[in-house]
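The values are calculated or read from the model by the stated rules, or taken from the named source; none is laboratory data. Just so we're clear, the structure is a prediction, and the values are computed from it rather than from any experiment. Using ideal geometry, Cβ is built from the backbone for each residue, glycine included, and neighbour counts are taken over all protein chains shown. These area figures cover heavy atoms from the full protein model, side chains too; ligands, DNA and RNA do not enter into them. Shrake-Rupley method; radii C 1.70, N 1.55, O 1.52, S 1.80 Å.
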Amino acid sequence: MSLLRVRAFVKCLNRRRLFEKYPAGVSFEDCCQLCVSARKSAVRRISETPVHLQRRNVSFVFPKTEDAKKRVLEQSQLLDVLEARIQQLQSDVVLDVQHAKVQFVKAPSHGKGVPSGRGPRIPPHEKTDIPKSGQTVAKGTSKSQPSRWMEKLTQERKNKLKKQQHIQQKTQKSVREKPTEKSKVTTSNIMPSGTAHKIISSAAKKNRTQQTKLSDKIRAAVSSPVTAAAAATAAPASKSHKLSKQKRKASKRYPAEDEQTAIELQERAKELAEVEELEKRLNLQVSDWTSSSSEEHLQEGNEAVACGDIQLSICSYLEACVFVGDIERAQRFLLSQHRVMSRRRLLNTGVYNIMMRVWAKKGTLNHIGRIFILLEEAGLKPNVGSYAAALECMGRNPNCSPKVISRCLNQMKEDSLSVDDLFSQCVFRQDERDMLLRAIRVVEPDYQPRLTLDMNQGSSALVQDFYAQRENHTYPKLDFTQEELQDRFKRQLSVEQACTVTIDSVETAKPVTENMEKMRRLLAEQRTQWQKVLLQALRDCKLILANTNTKSYRLNLYPYLCLLEDREYVDIMIQSVSNLPPSGESLKILARDLGHRVFTKYSVRQKHQNQTVEKLGSIYSMYTDLLAKDTKVYDVLPREQWCKLEMEHSSGPTLQGGEISWPYIVTLELGTYLVDLMVKNLKINSDILNPAFERKLIPILYHMYTFRSTRQIGFIKPHPILTQMQQEATETKLTFDSYVMPMMCPPVPWTTVKFGAYLLTPTKLMRTVDGATQHELLLEKCQNLHAVFDSLNQLGNCAWRINKPLLDIIISIFNDRGSDKLDIPPPLSEAPKIPHFNPQDPNYTASQKAQLKREVINAKKKCSEMHSLRMDALYKLSIAHHMRDEIFWFPHNMDFRGRTYPCPPYFNHLGSDVTRAILVFAEGKPLGPKGLDWLKIHLVNLTGLKKRSSLQGRLEYANTIIDDILDSADKPLTGKKWWMNADEPWQALACCMEIANAVRAPDPAKFISHFPVHQDGSCNGLQHYAALGRDVIGARSVNLMPCELPQDVYSGVAQQVEAFRARDAESGLMIAKVLEGFISRKVVKQTVMTVVYGVTRYGGRLQIEKRLKEIDEFPKEYIWDASHYLVRQVFSGLKEMFTGTREIQDWLTESARLISKCGHTVEWVTPLGLPIIQPYHRTRNQVLKSTMQHINLQITHDTKERPDTVKQKNAFPPNFIHSLDSTHMMLTALHCYSAGLTFVSVHDCFWTHAITVDIMNKVCREQFVALHSQPILQELSNFLLQKYCSGLP
């Protein structure tokens, strides 16, 4: 890249800023006035010297004279003295102190500064000459201690006088013999004592106290000669080149102040030999600390992650500035970060590349050359993005010389990068790729990018045959024509471009009263007024922020407030007011949601600006050829087809992962700023509901504080007037974010960890805690996740529709008064009245006041819970009602354990009994010869009856109650209501209706059924444990062994607990007598099911307590004692039944404990190759300062903190089993898809059509056997040993 640098250098040659590089990383303007004048004179003299001595790697040379050489040599010797001296003296002060006065003090030759151990670390690529004894330079640290250095220098003078006189003669002789040796040093050995102390501190934090003591001893013996000792051991390689660099650096810094420095220059080397031994001992001590400390190795990755968070903030800020067109602000910010060494170290090449792309689009090659210079100064190497920007810029310049392009390509080869790497690894926007290709074809006219489709589908033995042997695969088609799918794509695209969807509420069915009409009118008027107020307030605030004179290196919210139109910010704020619950919301959650909405809209606009929307439309249009029923049959998977289409149409922008996500702290800060605007500016007249009140403007939102557990948190609460107006208005419209709604077209297939699911809305492949990045970093390093992608795509490609008859019944009950028994939340009008009393009333006793306070608290809590449940049901039913005549899809992603979830949060098939009941497959299939039987068996399973009966026994039972089934289907609300007593009443009613329609059809086998039939695992976690441990007794209880009748582990545990209870009752235990007749399968089921997933006795007690409260006949005064007693018996029963399970759990727990004790987080890889890491670290408090309040963030995923040993060890067993569970589900999904089945899952509950239940059962069992035929525990053990024990002897 020398030619690029030459071009930039020629432009900048006559500018003084070329030489404004301060050795300690402080900008030229921050130096004292004396240094400024000194440097100006040096610049004038340097300008007369050869150019190649001023900048490195310049390929042409100006004529030079011997006089100039001699003069520069003399200057370099003198200036090196001052440079090294000032570095040492500055090491005792904080680098960020600016405009500090520097005094040049005449002192005897033996005066030396005393470093403190906090000096700047010299980058390894910079060369520093031997610090020689010379004029002492003192830097004042503060106004309160102006004579600090003078005192130190005086003390030094007294201590060193005799020593200097003793070795003076010997050193002068050494200097005469080797006058040029001093400029041959390398930075690897230049280590001022302050720097050495800093390195030691970072290498071994546990020994900080010892290091400080050693540093003090060193300073007491010899203050600054440590640096000189280092110089004595310098390597003599590249003599002439290094000498010229030393001259150049010296000539750019400080001129000599006095002739005496020439003499002191020689005297300074006197102590070389004496200190050399001390330096060796110091280095040896550093080595010992490094080798003995386990901390250094652990912190390497953590420091990278910590820097990654800051880098993400910087990148997002620069991208925001560039997006709004504020290039000057972005450039100024980058330079301010680069100028100061402490901040420069946090930058990476990607940060500089952002500005390179800007200048590339403008065609200014000289600006790009300057950024390359900045990269080299920062000690960074250009990557493919850097070279792509440079070549793109050359491609935009029609007059660019081919020699320049060739020089750039040659430099790439020297950096081990190929031209093909540019096209395979870079993310392009707009026409960047075309411009890059144009530049390359200037020197290589016939060049074509060689892009290859990765056909290495799976490294796991579990899926090798699936991808290699496809002769018998029959991938299913969707029941749509290609034209219909393309139209659906356009509809979904318009929804995501708007970012919000407004739908009708199901409460519109209520008759509109006069008061409702009045409240709706008032709310509409107020919102119009609020929009105007917020719009003006936002513009005023932006004007203030734009003109605020803040330091250029600090992040400013102004660019983030310019990303959208002002009205869009206002709409987001008004929407949040409408969705605010009456009880209020925490400031942190409200701010996070507001910031996330802004980011989503910004991401969509970015994709428009980058021209990816047009390309997405063209590729999706061709992709529908794979899915449509009126096209040819393909033998490729959706992911493979999409990748192939992208490769064939590679011109233009890249679709995958070009946008930079915002750090959680930025999202929160922006959201807090918007909340502050709302609280300060949204007001309402106090007499709007009651004209008798005095009219004055009052805020509609209040910022207050409340307690969550023992923590005080900020809270935003709506005024009761606003709450009353919203409740009485019963508004007919609901506004949601677009990602809340199901998709109108098949999702985009997952092809990378950053691309898939929605068309425009940003979606993460792996759900994480806000701010956690370790999962994403781990996924990006993973080479092959094709099986995971393909299983998620299969789940997302299942089309759904609404069961309209059942939906209408549910809405009618919802709009009536709800039903607790049927899980339909009642309206707030049914909530208990909150009692009102005067705490100052003397008529109440202290106990009465306490009782009334408890009643008030309980009533408020009940009202809040009822409101939450009511709104949740309202959202689900309203979305279902909006989609009642549509076909839709649920895109999927997963959590950090690999468990899959639909992306839409409210309405999906993972929801409650109500939402599952109103969802059916869009595609219908005939029942076939056994389909009706499976519907009947499924109905019996939903009732919770006959758990110990065989399938034939359940079928016979269903036939005996066929009259009740038909009565429930025909008269669900007026008949016998048999369905209401089922465990899952609404799904049971839906199944009754399906059976009634089938039995009344002319030929039930030909009846087209859309109904999903479920096959649920028998305590799936225990199944995996039994299979892992080859536990025969446990396997039989969870149906892994052949049995005449299905085994029910929950009933088995309930029977064992009942036996324990009967024994204790006979011995006279009171609580055992009370529990007689109340121990049932339902009481113990949840605890048994979750014990395998790590539930504690405390959590199990709460579960049992909840079940006992649901039993009306159970005496409430014994609930506490009964739950304590039962949880002990359940754990005892499980321990007896599953011995192998407990041993495996103990091994996993102990392994995790030891790993986390050593400072590591627990990681493993699933059998499908999915990397998993547990994000549990010790809590770190971070304070976000805003004008409203300081928000205390409790961060538990910070990799800089040590792992939380308790969470790591307790979570490892259940998380490991969850990962196996998800692996089995993914394998089943892949093979069901290849067999042409419709398949979805709710974790370990698999759904398909009635006709294909037998096939799905066969696939499920085969994949379970295949999974556990692998040496899972052995492979886990090998992985843990290799990862955590490979460094041990």
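Points worth noting:
- Selection of region 667-697 for residues being open to solvent by 50 Å² or more (accessible area, probe 1.4 Å) and more than 30 Å from residue 593 (Cβ to Cβ) yields 690, 691, 692, 693, 694, 695, 696.
Yes/no per residue for (1) at pLDDT 85 or above; (2) under 22 Å from residue 527 (Cα atoms); (3) in contact with a helix residue (DSSP H, G or I) (Cβ under 8 Å, 6 or more places away or on another chain):
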{"residue": "655", "(1), (2), (3)": "yes, no, yes"}
{"residue": "660", "(1), (2), (3)": "no, no, yes"}
{"residue": "665", "(1), (2), (3)": "yes, no, yes"}
{"residue": "668", "(1), (2), (3)": "yes, no, yes"}
{"residue": "673", "(1), (2), (3)": "yes, yes, yes"}
{"residue": "678", "(1), (2), (3)": "yes, yes, yes"}
{"residue": "684", "(1), (2), (3)": "yes, yes, yes"}
{"residue": "688", "(1), (2), (3)": "yes, yes, yes"}
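- Residues that are touching a Phe, Trp or Tyr at 6+ places or on another chain (Cβ under 7 Å) and free of Cβ contacts under 8 Å to residues at least 24 places away in the same chain, drawn from region 624-640: 626
- Residue check for residue 505: touching a strand residue (DSSP E or B) at 6+ places or on another chain (Cβ under 9 Å), surrounded by 14 or more Cβ atoms within 10 Å (Cβ to Cβ) and among the small types (Gly, Ala, Ser): yes
- Residues in region 814-856 that are free of Cβ contacts under 8 Å to residues at least 24 places away in the same chain, open to solvent by less than 60 Å² (accessible area, probe 1.4 Å), not basic (Lys, Arg) and not in a loop (DSSP other than H, G, I, E, B): 819, 850, 852, 856.
- Residue 1226 vs. criteria open to solvent by less than 50 Å² (accessible area, probe 1.4 Å) and under 16 Å from residue 1016 (Cα atoms): yes
- Residues of region 715-733 classified as in contact with a helix residue (DSSP H, G or I) (Cβ under 6 Å, 6 or more places away or on another chain) and buried (at least 21 other Cβ atoms within 10 Å of the Cβ), total: 2
- Only one entry of 607, 601, 632 meets the criterion of being closer than 17 Å to residue 485 by Cα and touching a helix residue (DSSP H, G or I) at 6+ places or on another chain (Cβ under 9 Å), and that entry is 632.
- From the list 1181, 1210, the one residue that fits, being over 18 Å from residue 665 (Cα atoms) and either within 21 Å of the chain's Cα centre (by Cα) or surrounded by fewer than 24 Cβ atoms within 10 Å (Cβ to Cβ) (or both), is 1210.
- Subset of region 963-986 [over 16 Å from residue 807 (Cα atoms) and assigned to a loop (DSSP other than H, G, I, E, B)]: 974, 975, 976, 977, 982, 983
- Matching residues, region 1176-1196, being under 14 Å from residue 1163 (Cα atoms) and in contact with a helix residue (DSSP H, G or I) (Cβ under 8 Å, 6 or more places away or on another chain): 1176
- Options 545, 534, 538; residue that is more than 27 Å from residue 623 (Cβ to Cβ), at pLDDT below 90 and in contact with a helix residue (DSSP H, G or I) (Cβ under 8 Å, 6 or more places away or on another chain): 545
- One residue stands out in region 563-577 among those that are under 17 Å from residue 543 (Cβ atoms) and charged (D, E, K, R): the one that is most open to solvent (accessible area, probe 1.4 Å), namely 567.
- Only residues that are buried (at least 24 other Cβ atoms within 10 Å of the Cβ) and either under 23 Å from residue 1092 (Cβ atoms) or under 31 Å from the mean Cα position of the chain (by Cα) (or both) were counted in region 1234-1252, giving 4.
- If you go through region 1184-1207 and pick out every residue that is open to solvent by 60 Å² or more (accessible area, probe 1.4 Å) and outside any loop (DSSP other than H, G, I, E, B), you end up with 6.
- Filtered by the rule that a residue be assigned to a helix (DSSP H, G or I) and open to solvent by 20 Å² or more (accessible area, probe 1.4 Å), region 1156-1175 gives a lone residue, 1157.
- Pairs with Cβ under 6 Å, 6+ apart, first in region 674-689 and more than 17 Å from residue 1188 (Cα to Cα), second part of a strand (DSSP E or B): 683/697; 683/699; 686/698
- Candidate set: region 508-532, residues that are closer than 20 Å to residue 569 by Cβ and buried (at least 16 other Cβ atoms within 10 Å of the Cβ); chosen: the one nearest to the chain's Cα centre (by Cα): 530
- Identity of the residue in region 329-363, of a type in the set (A, V, I, L, M) and under 24 Å from the mean Cα position of the chain (by Cα), that ends up farthest from residue 315 (Cα to Cα): 346
- Within region 364-397, if we keep just the residues that are part of a helix (DSSP H, G or I) and among the basic types (Lys, Arg), the residue that is nearest to residue 335 (Cα to Cα) turns out to be 370.
- Among the candidates 906, 901, the residue that is in a loop (DSSP other than H, G, I, E, B), under 30 Å from residue 491 (Cβ atoms) and among the hydroxyl-bearing types (Ser, Thr, Tyr) is uniquely 906.
- Helices (runs of 4 or more DSSP H) (entirely within region 987-1082) containing at least 1 residues that are charged (D, E, K, R): 1032-1037, 1049-1066, 1070-1074
- Scanning region 626-647 for residues that are touching a strand residue (DSSP E or B) at 6+ places or on another chain (Cβ under 6 Å), crowded, with 17+ Cβ neighbours inside 10 Å, under 29 Å from residue 722 (Cβ atoms) and hydrophobic (A, V, I, L, M, F, W, C) turns up nothing.
- Count - residues of region 1037-1096 that are open to solvent by 40 Å² or more (accessible area, probe 1.4 Å), over 26 Å from residue 1021 (Cα atoms) and among the β-branched types (Val, Ile, Thr): 0
- Matching residues in region 933-978 - criterion: being open to solvent by 70 Å² or more (accessible area, probe 1.4 Å) and at positive phi: 946, 977
- Scanning region 606-615 for residues that are in contact with a Leu (Cβ under 9 Å, 6 or more places away or on another chain) and surrounded by fewer than 18 Cβ atoms within 10 Å (Cβ to Cβ) returns a single hit, 608.
- One residue stands out in region 373-409 among those that are among the acidic types (Asp, Glu) and open to solvent by 20 Å² or more (accessible area, probe 1.4 Å): the one that is farthest from residue 437 (Cα to Cα), namely 377.
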